[in-house]
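The values are calculated or read from the model by the stated rules, or taken from the named source; none is laboratory data. As the structure is a prediction and not an experimental result, all values here were calculated from the model. Cβ: placed from backbone, ideal geometry, glycine included. Neighbour counts: every protein chain shown.
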Amino acid sequence: MNSRIYVSNKLESRFIEPKDVLYLTAVSGRIMVHYEAGGKEKIIDIEGSLKDMEAKLGKDGFLRIHKSYIVNIGRIATVENDWVMLNSKRHVKLPTSRGFLRQLKERLKGRDDVIVL
């Protein structure tokens, strides 16, 4: 993915590099975009649904791992049966569901930058 991601709400608008996005989560009808900037984790809340976000982000570097989470595949450090841990300052741990976990493992096998043993 070469495009930058543009996010906007009533208070701010910004471009975010896809590699800097950690994950997106649905909270009370809003989408929280968690990303890193200047060595710190930041959050911007935007309108929309995860279904819309999946369509906009495409399948290049992002995957839905749970009904409430989309993760940047390139930021995954550890995969377990019911969670993934991200490579971030806080080592964020996110829940996964079985169906999404199968998809994640298949997607990891298909990536050029990942060797699955």
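Odds and ends about this structure:
- In segment 85-117, the residue that is surrounded by the fewest Cβ atoms within 10 Å (Cβ to Cβ) out of those that are in contact (Cβ under 8 Å) with a residue 40 or more places away in the chain and over 13 Å from the mean Cα position of the chain (by Cα) is ARG90.
- Restricting attention to segment 1-14, the residues being farther than 14 Å from PHE62 by Cα, surrounded by 11 or more Cβ atoms within 10 Å (Cβ to Cβ) and among the hydrophobic types (A, V, I, L, M, F, W, C) number 1.
- Criterion (surrounded by 14 or more Cβ atoms within 10 Å (Cβ to Cβ), over 12 Å from the mean Cα position of the chain (by Cα) and not aromatic (Phe, Trp, Tyr)) met by exactly one of ASP82, ASP45: ASP45
- Selection count, segment 16-32, where residues are more than 15 Å from SER3 (Cβ to Cβ) and part of a strand (DSSP E or B): 9
- Residue within segment 7-21 that is touching a residue at least 12 places away in the same chain (Cβ under 8 Å) and of a type in the set (Phe, Trp, Tyr) present: no
- Test: residue in segment 39-54 that is modelled with pLDDT under 90 and over 20 Å from VAL84 (Cβ atoms): yes
To keep it simple, each residue is scored yes or no on (1) surrounded by fewer than 18 Cβ atoms within 10 Å (Cβ to Cβ); (2) in contact with a Ser or Thr (Cβ under 9 Å, 6 or more places away or on another chain); (3) of a type outside the set (Lys, Arg); (4) not in a loop (DSSP other than H, G, I, E, B).
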{"position": "HIS34", "(1), (2), (3), (4)": "no, yes, yes, yes"}
{"position": "LYS51", "(1), (2), (3), (4)": "yes, no, no, yes"}
{"position": "LYS56", "(1), (2), (3), (4)": "yes, no, no, yes"}
{"position": "ARG64", "(1), (2), (3), (4)": "no, no, no, yes"}
{"position": "ALA77", "(1), (2), (3), (4)": "yes, yes, yes, yes"}
